[in-house]
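Please treat every number below as a calculation from the coordinates, not as lab data. Remember, predicted model here, so these are calculated numbers, not experimental data. No Cβ is skipped: glycine too gets one built from the backbone with ideal geometry, and neighbour counts run over all protein chains shown.
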Amino acid sequence: LQTDGGFSDITELPPVHSEVLEDEEPIRAWLRASPGGVGVSIASGGDNVFHLALDGLGKIYGVDISPAQIALCRLKSTALMAFSESEIASLMGIYGPATEGCAALLGKVLEATGLGFASEGALAFAEANGLLRIGAFEQMVAAVREQIHEAVGEDTVRLLIAEPDPGRRRGLWEQHSVTDGLTPIFRTFFDEEVLAGIFTPKRFQPILACSPFADHLLRVVTSLVLDGDPGQNYYLHRWALGGYLPAGPVPPYLDPANLPALREAMPRIEWVVSELAGFLAQLPTGEVNCFNLSNVLDWCDDEYACLTWQEITRVAAPGARLFARTFLYDRPHQEHAQKLGWFRDPAAEGSCLAKERVGYYPGYELWSRASD
Ligand SMILES: C[S@@+](CC[C@H](N)C(=O)[O-])C[C@H]1O[C@@H](n2cnc3c(N)ncnc32)[C@H](O)[C@@H]1O
């Protein structure tokens, strides 16, 4: 059985993902987390675990195979519990690279959790940039962002995001030849050879749902800017500008208005370092109401994905729901899940794709189980 060794090898801070950067809205809408329910979510940067906790689950397990991801989640939870709104903004670097107080705040949170960075250099980087910027994936995105700013101008990017009128946005896009500027950058950085081992394991490249991936991504970004609501799309701000906009929208768990509710919910979160199937095997039968799998099944071979579905089915409560994203087309575990009594909802999947605010995943899997 094979999960990808890549993530479990990452044992010390910094992690790969310092923010999840997957649209949270469809996850919450599909899972309908109800107060008192039990949830299991892949942790990654923690964002969706915090969001599901905000929805009132009685217990939420944030599970990740990578100790570095769980260490980051612990740092974030500790900071969200202990610090003021402005201190949280500074430590995380919500609006841009860290402000002066960041190093001292990071020192406090490392001391409180007993966690540390793998090297002095990694610590210095975190102090200078904030926790939301320390992930290896974020650093790849930062390199792409720099190239984009050079090619089309950071001012143009800001104008496009701020312009509320779709007709004027299209005019700006054409006037600054944005498609021509972005195409070579996307084709270089998002080439499937470059992304092998970052978005999916190399062995699954032949079954990528959208190929060439760079062209898919450019279509998505173009549509998010021209047809979407870029002024309100905080994911776009984060990808294109490197930070959220001061006075603009932020992910719910970073929104000061949600801080009291998040603090109240925090004791209901349990962070766990484990691969998913092994963790589920330890849970009692029939207890879990909702599962957020991100795209972990993209990282599992067919046999292991089927085994994971068996454990999911054993621990699922009647009427349980499961959310997953994927870069790949049809895989055997999907038929296996149907045989185990799970149903997909293609109409809901289509409507999620239409409303998606990030969009680099070409596929949704929205599953539910009969209520018995
Ligand atoms: C699947 S990746 C998806 C990346 C996503 N775009 C994000 O930003 O979070 C998310 C997380 O899944 C974790 N992961 C991968 N395979 C896993 C497994 N079998 N069990 C538990 N966690 C796993 C990785 O360590 C990573 O932190």
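For beta carbons closer than 8 Å, sequence separation of 6+ or different chains, a first residue in the range 61-79 that is assigned to a helix (DSSP H, G or I) and a second that is within 10 Å of the ligand (Cβ to nearest atom) and among the acidic types (D, E), the qualifying pairs are I70/D64; C73/D64.
When Y361 is tested against the conditions (1) more than 16 Å from the ligand (Cβ to nearest atom); (2) buried (at least 21 other Cβ atoms within 10 Å of the Cβ); (3) assigned to a loop (DSSP other than H, G, I, E, B), the lone failure is (1). All conditions in (1) touching a Phe, Trp or Tyr at 6+ places or on another chain (Cβ under 9 Å); (2) assigned to a loop (DSSP other than H, G, I, E, B); (3) within 30 Å of L91 (Cα to Cα) hold for A247, with the sole exception of (1).
Does the range 321-332 hold any residues that are among the aliphatic types (A, V, I, L, M) and within 13 Å of the ligand (Cβ to nearest atom), and which are they?
Hits for the range 321-332 are A324, L328.
For the range 321-355, a residue qualifies if it is among the small types (G, A, S) and assigned to a strand (DSSP E or B), and exactly one does: A324.
Can you tell which of L52, L21 is closer than 25 Å to S351 by Cβ, touching a helix residue (DSSP H, G or I) at 6+ places or on another chain (Cβ under 9 Å) and near the ligand (Cβ under 10 Å from one of its atoms)?
L21
For the range 281-320, the tally of residues that are in a strand (DSSP E or B) and within 13 Å of the ligand (Cβ to nearest atom) stands at 3.
Could you please find all residues in the range 180-195 being over 26 Å from the mean Cα position of the chain (by Cα) and surrounded by 14 or more Cβ atoms within 10 Å (Cβ to Cβ)? Within the range 180-195, just G181 meets the criteria. Selection of first residues in the range 318-340 that are without any contact (Cβ under 8 Å) to a residue 40 or more places away in the chain and of second residues that are within 16 Å of the ligand (Cβ to nearest atom) and of a type in the set (D, E), restricted to Cβ pairs under 8 Å at least 6 apart or on distinct chains, gives the following pairs, ordered by first then second residue: P332/D302; H333/D302; Q334/E365.
Applying the criterion of at least 2 residues that are within 19 Å of the chain's Cα centre (by Cα) and in contact (Cβ under 8 Å) with a residue 60 or more places away in the chain to the helices (runs of 4 or more DSSP H) found wholly in the range 108-173 leaves 136-152.
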